[in-house]
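The structure appears right after this line, and notes come after that.
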Amino acid sequence: MSSIPSSSEPTTTAPGAIACDIFCAVIDNFGDIGVCWRLARQLAGEHGWQVRVFVDDLHAFQKLCPALALDRARQKVGSIVVEHWHEPEHAGDTLEVADIVIEAFACELPSVYVAAMAQRERAPVWFNLEYLSAEDWVADFHLRPSPHPRYPLTKTFFFPGLGPGTGGVLKERHLDAARADFERSPAARDAWWRDTTGRATPSAATTVISLFAYENPAVDSLLEQWRDSDAPVVLLVPEGRISGAVARFFGTATFAAGTHAERGSLSAHALGFTEQTGYDALLWASDINFVRGEDSFVRAQWAAKPFVWHIYPQVDDAHLPKLDAALAHYTRPLPDDARAALGRFWHAWNGVGQPDWADFQRHRASFTSRAAEWAAELAQVGDLAGNLALFAKTQLK
Ligand code: TRH
């Protein structure tokens with residue numbers, strides 16, 4: 001897949017720049033490092049900060065940042081320093097405490113680092129960056145301070161969200177312009193299709209769908225409905241956890257990158273997992289995006305196309321209220337029947353009911369116009385990196 005230029009990422013940082021350390025423990029998949037890496041690139045590229053990322057899993061990181069070497073304890077990618085956080089107490093070879101410290105998703109900082117934060121002449125601005133949730137309580141907890149029980153340090157809870165009063169979600173300054181360039185250039189789109197699938201851009205009568213999801217029992221029924229649909233469907237499947245089910249449907253041994261298969265109206269391409277900046281083009285090239293977790297869920301919103309969210313499943317179905325909270329924001333002004341149809345489809349994709357493609361298609365025009373309107377609404381909340389940088393600066397004064 002071709003890569004879209006990301007925000008201007010310098011290879012050096014100005015002397016005296018604000019120093020920021022981001023600590024990231026990868027729980028699973030790519031979302032933890034995906035969010036941290038995007039934030040790091042923005043703070044460095046758009047705010048001129050000198051950023052260092054501590055990450056415990058270089059393998060997961062390398063999938064979305066192929067420039068990364070797996071065998072190096074410390075390395076630079078552009079201007080960003082990456083430290084392999086190889087054990088919980090590791091805080092770099094020499095202990096340096098940054099002006100801003102971001103603990104992602106409540107991972108625990110090395111105790112020696114926290115002790116050094118307390119000894120610093122000016123205490124760093126310390127954030128716990130939380131997971132994204134569209135629930136209403138998020139605005140009440142966003143930016144709440146939490147004093148450390150032993151040290152004269154205060155940690156601030158930074159909550160991403162979809163509504164006013166939250167930290168917002170990540171959005172690079174260049175993103176809308178890059179999407180507009182791609183969408184208005186048939187040559188760019190055709191080059192993307194040829195590079196990515198070896199084929200020309202499909203006709204306007206085709207529905208192009210990108211499919212990034214966890215294992216999902218509903219996929220078999222959906223693949224059958226696409227196979228039997230009146231209009232052609234082209235499915236683009238980045239290699240991953242859903243690939244096994246797609247392979248079984250087509251009767252192929254695997255659905256590894258480069259595989260192409262057809263049945264009835266459905267034609268499917270398996271894609272290599274692209275570096276993070278390349279993923280957006282897949283969303284822009286598609287008419288409907290199936291996304292998951294946190295970061296791809298956000299990117300689909302900026303792609304301004306109808307999307308279907310496979311939310312990260314939690315025990316006791318704790319994820320379902322979060323799914324409904326996102327639906328409530330996203331579908332608020334839709335006519336009742338369209339809102340109900342999207343709710344049914346998202347629920348079915350998350351284990352509650354059966355997905356009905358014809359029902360989705362019936363309301364597709366409403367979903368498409370709502371997607372563009374929603375992207376503009378969401379942008380009003382502001383970009384997370386910008387919101388965080390602004391707050392941090394007020395604390396540094
Ligand atoms: O991978 P995810 O499911 O990640 C997570 C984690 O499971 C995490 O523990 C959980 O808490 C969180 O979800 C909610 O989904 P996500 O967040 O969409 O991250 C995927 C990242 O991978 C995202 O940054 C986009 C990127 N990506 C690429 O770089 N190239 C690709 O080809 C694809 C398909 C994705």
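The values are calculated or read from the model by the stated rules, or taken from the named source; none is laboratory data. Here the structure is a predicted model, which means the values were calculated and not measured. Note that we place each Cβ from the backbone using ideal geometry, even for glycine, and neighbour counts take in every protein chain shown. Side chains included, ligands, DNA and RNA excluded: accessible areas come from the protein's heavy atoms. Shrake-Rupley method; radii C 1.70, N 1.55, O 1.52, S 1.80 Å.
Could you say whether any residue in the range 140-148 is without any contact (Cβ under 8 Å) to a residue 60 or more places away in the chain and within 14 Å of the ligand (Cβ to nearest atom)?
no
For the range 335-346, check the following and say yes or no: at least one residue is in contact with a strand residue (DSSP E or B) (Cβ under 7 Å, 6 or more places away or on another chain) and within 15 Å of the ligand (Cβ to nearest atom).
The answer is no; no qualifying residue exists.
In this structure, does G92 turn out to be in a loop (DSSP other than H, G, I, E, B) and in contact with a helix residue (DSSP H, G or I) (Cβ under 6 Å, 6 or more places away or on another chain)?
So G92 fails the test.
So which residues in the range 70-80 are open to solvent by less than 60 Å² (accessible area, probe 1.4 Å) and assigned to a loop (DSSP other than H, G, I, E, B)?
Matches in the range 70-80: A73, G78, S79.
Test of understanding: among F30, F61, F54, which residue is within 23 Å of S296 (Cα to Cα) and either touching a Phe, Trp or Tyr at 6+ places or on another chain (Cβ under 6 Å) or at pLDDT below 95 (or both)?
Criteria check complete, one pass: F54.
From the list A25, A40, pick out the single residue that is within 11 Å of the ligand (Cβ to nearest atom) and either open to solvent by 10 Å² or more (accessible area, probe 1.4 Å) or at pLDDT 95 or above (or both).
Matching residue, one of A25, A40: A25.
Limited to the range 239-280, what total is found for residues that are more than 15 Å from the ligand (Cβ to nearest atom), within 23 Å of G31 (Cα to Cα) and touching a helix residue (DSSP H, G or I) at 6+ places or on another chain (Cβ under 9 Å)?
Of the residues in that region, 1 qualify.
Output the residues belonging to the range 274-301 that are small (G, A, S) and under 18 Å from Q42 (Cα atoms).
The answer is G278, S296.
Per-residue answers, yes or no, for (1) among the basic types (K, R); (2) free of Cβ contacts under 8 Å to residues at least 60 places away in the same chain; (3) not assigned by TED's automatic domain parsing to the domain that holds D324; (4) not in a loop (DSSP other than H, G, I, E, B):
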{"site": "A123", "(1), (2), (3), (4)": "no, yes, yes, no"}
{"site": "W126", "(1), (2), (3), (4)": "no, yes, yes, yes"}
{"site": "T156", "(1), (2), (3), (4)": "no, no, yes, yes"}
{"site": "P164", "(1), (2), (3), (4)": "no, no, yes, no"}
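Hand me the list of helices (runs of 4 or more DSSP H) wholly inside the range 345-397 holding 3 or more residues that are within 22 Å of V298 (Cα to Cα).
Here the list reads 364-379, 384-396.
Each row is one residue, and each column tells you yes or no for (1) under 29 Å from A123 (Cβ atoms); (2) buried (at least 20 other Cβ atoms within 10 Å of the Cβ); (3) not acidic (D, E).
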position: V51; (1), (2), (3): yes, yes, yes
position: L68; (1), (2), (3): no, no, yes
position: V82; (1), (2), (3): yes, yes, yes
position: W85; (1), (2), (3): yes, yes, yes
position: T94; (1), (2), (3): yes, no, yes
position: A98; (1), (2), (3): yes, yes, yes
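Of everything in the range 104-157, what is among the charged types (D, E, K, R) and either under 28 Å from H319 (Cα atoms) or surrounded by 14 or more Cβ atoms within 10 Å (Cβ to Cβ) (or both)? Give them in sequence order.
Correct list: E108, E130, E135, D136, D140, R144, K155.
A139 - would you say it is modelled with pLDDT of 95 or more and more than 26 Å from I33 (Cβ to Cβ)?
Criteria met by A139.
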